[in-house]
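Following this message is one structure expressed as C-alpha cells.
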Amino acid sequence: MQVNPIPGLEHLPYAEVWFHEVDEASWGAASAAARALGKTGLEVWTTDRTPGVAAFFEERSYEEVRRYVISELDVEAAPDPDAPRFPLVTFADRPDLEPRLYALAQTAYADQPGRAGSRIDGWHDWGLRRHRPDAYFIALEGDTLLGYGYLEHHEETGTWSHGFMAVAPAARGRGVAGAIKRAEIALAKANGVRALRTANEARLDSLLALNRRLGYRPLYEEIILRGPLAP
C-alpha cells in the first residue's frame, strides 16, 4: 500500500491511496501513514469493478469528488480518422513552443473538474520530455496556440494511451480536442498500435461524446473519494 501526498495538490490535507479491497485494518494502516505525512484525511482511489470499496468508505462519511471513465479503442478495427480540422505540428517540429505549452498546462491542469489549485512542478520532465516528440501534437491557428495532446508508451507493458490534453480556454468547443485525438489515432495506426486507452473525467460530456463517435468502448470507471482518517 502506497500512501502519498496528492500529486499536484500536495498542499491539501489529504493523502492519496489506492484500494482494490479494504477492511478496518487496511483503512487504519493507510490512516496511520497519512498522519505520518501530516495529513488529516484520505483521498481514496478505487474502481466500480470492486464496488464494495466505495460502499465501505461512503459508510464512513467519505464523499465522491471525481470519477474517470476508462475507455479503449481497437485501433486496427477503427476507421481511418478524418484529417484534423486545425493545422497540427509536433513538438519535434516546434521545440520553440515549450514556454507556451507550459503556460497552457498551468491553466489546463487547474481547470480539470476537482483539480482547482493544481501545481505542475517538474512538468518539463513528466509532462513533456518523457514523451515521444513526434507523438506530441500541437494545434495552431496562425501563431495562436490552441491546444496540445500526446500519446504515452508504457514500456513495462508495451501498451499505449492518450496522455493529458490541454485546450486553451478561448478555443474550447471548436473541435480542437477532436483534431488532436484524430492525429493521435492516425499515428497509432501507422505504428501498428493495437489498442489505445483514455481516461476522461465523467463530467466532461463533450470528450466522452467524442470518444463514442470515434469508436471507444467504456471499460470501467475509477472512483475517487475523500474523507476522514480512521479513529
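The values are calculated or read from the model by the stated rules, or taken from the named source; none is laboratory data. Predicted, not measured: the structure shown is a model, and the values here were computed from it. Neighbour counts are summed over all protein chains in view; Cβ atoms, including those assigned to glycine, are modelled from backbone coordinates with ideal geometry. Accessible surface is based on the protein model in full, side chains and every heavy atom, while ligands, DNA and RNA are left aside. Shrake-Rupley method; radii C 1.70, N 1.55, O 1.52, S 1.80 Å.
Run Asp111 past the list (1) within 27 Å of Phe19 (Cβ to Cβ); (2) within 15 Å of the chain's Cα centre (by Cα) and report the number of the one that doesn't hold.
Only one criterion in (1) within 27 Å of Phe19 (Cβ to Cβ); (2) within 15 Å of the chain's Cα centre (by Cα) is unmet by Asp111, namely (1).
Among the numbered conditions (1) free of Cβ contacts under 8 Å to residues at least 60 places away in the same chain; (2) over 16 Å from Asp93 (Cβ atoms); (3) open to solvent by less than 30 Å² (accessible area, probe 1.4 Å); (4) over 14 Å from the mean Cα position of the chain (by Cα), tell me where His131 comes up short.
Status for His131: all satisfied but (2).
Out of everything in the range 62-88 that is under 30 Å from Val22 (Cα atoms) and of a type in the set (D, E, K, R), what residue ends up being surrounded by the fewest Cβ atoms within 10 Å (Cβ to Cβ)? Let's see the steps before the verdict.
To start, the set of residues in the range 62-88 that are under 30 Å from Val22 (Cα atoms) comprises 62-72.
Among the residues that remain, those that are also of a type in the set (D, E, K, R) are: 63-64, 66-67, 72.
Numbers: Glu63: 9, Glu64: 15, Arg66: 18, Arg67: 18, Glu72: 17.
Residue satisfying both the conditions and the ranking: Glu63.
Follow-up question, since we're still on this one. The conditions are (1) farther than 24 Å from Leu9 by Cα; (2) open to solvent by 70 Å² or more (accessible area, probe 1.4 Å), and Ala179 fails exactly one of them. Which is it?
All conditions are met except number (2).
Hey, another quick one. Kindly provide the set of residues from the range 188-230 that are under 20 Å from Pro81 (Cβ atoms), open to solvent by less than 50 Å² (accessible area, probe 1.4 Å) and assigned to a strand (DSSP E or B), ordered by number.
The answer is Ala195, Leu196, Thr198, Asn200.
Let me ask you something else. Restricting attention to the range 89-113, report how many residues are open to solvent by less than 40 Å² (accessible area, probe 1.4 Å) and either closer than 24 Å to Ala188 by Cα or in contact with a strand residue (DSSP E or B) (Cβ under 9 Å, 6 or more places away or on another chain) (or both). Outline the logic, then answer.
Taking the range 89-113 as the starting set, the residues that turn out to be open to solvent by less than 40 Å² (accessible area, probe 1.4 Å) are 89-91, 97-98, 101, 104-105, 108-110, 113.
Still in the list and also either closer than 24 Å to Ala188 by Cα or in contact with a strand residue (DSSP E or B) (Cβ under 9 Å, 6 or more places away or on another chain) (or both): 89-91, 97-98, 101, 104-105, 108-109, 113.
The qualifying residues number 11.
Which of the strands (runs of 3 or more DSSP E) found entirely inside the range 1-108 contain at least 1 residues meeting this: within 18 Å of the chain's Cα centre (by Cα)?
Because the criterion is at least 1 residues that are within 18 Å of the chain's Cα centre (by Cα), the strands (runs of 3 or more DSSP E) in the range 1-108 that meet it are 14-18, 41-47, 63-74.
Within the range 142-155, restricting attention to residues that are surrounded by fewer than 22 Cβ atoms within 10 Å (Cβ to Cβ) and within 19 Å of Ala199 (Cα to Cα), which residue is modelled with the highest pLDDT?
Glu152
Which pairs do you get when a residue that is in contact (Cβ under 8 Å) with a residue 24 or more places away in the chain, found in the range 70-81, comes within reach of a residue that is in a loop (DSSP other than H, G, I, E, B) and crowded, with 16+ Cβ neighbours inside 10 Å, reach meaning Cβ atoms under 7 angstrom, with the pair 6+ apart or on two chains?
Taking only residues 6 or more apart or on different chains, the pairs are Ser71/Tyr216; Glu72/Tyr216; Leu73/Gly215; Leu73/Tyr216; Val75/Val193; Ala78/Gly215.
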